[in-house]
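Worksheet: one structure, shown below.
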Amino acid sequence: QVQLVESGGGLVQPGGSLRLSCTASGSLVSINAMGWYRQAPGKQRELVASISIGISTNYADSVKGRFIISRDNARNTVYLQMNSLKPEDTAVYYCNRVPWKMDYWGKGTLVTVSS
């Protein structure tokens, strides 16, 4: 059973940057695709970025060109570098496998983009 812990969220001004981390209690090598999801107030949870074991990446149109996902299998960690942040990026960010698995959801980390 893998447990995922997200960190790195906080309050940032529009145009700023944050780097999120997702650390697993077990190995991520057996998980082909990992992703970052987010849930804004009143909205459904959505997948914003994913990365395969072969380092192939995919991004939602809303974050393409601004966010970068990466993974370090040796450290059992997945990262999300978020640049040029916008108020509409405000949400709780979670990591999970792709497709998601119910048992893998963590508590998430809150990102607030506001001046």
Query raised in the report: Looking at the stretch 58-71, is at least one residue at pLDDT below 95, out of contact with any Asp or Glu (no Cβ under 7 Å at 6 or more places or on another chain), open to solvent by 80 Å² or more (accessible area, probe 1.4 Å) and of a type in the set (A, V, I, L, M)?
Result: no
Query raised in the report: Would it be correct to say that Gly54 is open to solvent by less than 70 Å² (accessible area, probe 1.4 Å), part of a loop (DSSP other than H, G, I, E, B) and either modelled with pLDDT of 95 or more or touching an Asp or Glu at 6+ places or on another chain (Cβ under 7 Å) (or both)?
Result: no
Query raised in the report: Of all the residues that make up the stretch 11-47, how many are of a type outside the set (A, V, I, L, M), open to solvent by less than 50 Å² (accessible area, probe 1.4 Å) and over 16 Å from Phe67 (Cβ atoms)?
Result: 1
Query raised in the report: Within the set of pairs 6+ apart or on separate chains, which have a first residue in the stretch 62-75 that is more than 19 Å from Ser30 (Cβ to Cβ) and in contact (Cβ under 8 Å) with a residue 12 or more places away in the chain, a second that is open to solvent by less than 30 Å² (accessible area, probe 1.4 Å) and assigned to a loop (DSSP other than H, G, I, E, B), and C-beta atoms under 9 Å apart?
Result: Arg66/Leu85; Phe67/Ala60
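The values are calculated or read from the model by the stated rules, or taken from the named source; none is laboratory data. Just so you know, these numbers come straight off a predicted model, no measurement behind them. Counting neighbours? That spans all protein chains shown, and the Cβs are built from the backbone with ideal geometry, glycine included. To get the accessible areas, we keep the full protein, side chains included, count just its heavy atoms, and leave off ligands, DNA and RNA. Shrake-Rupley method; radii C 1.70, N 1.55, O 1.52, S 1.80 Å.
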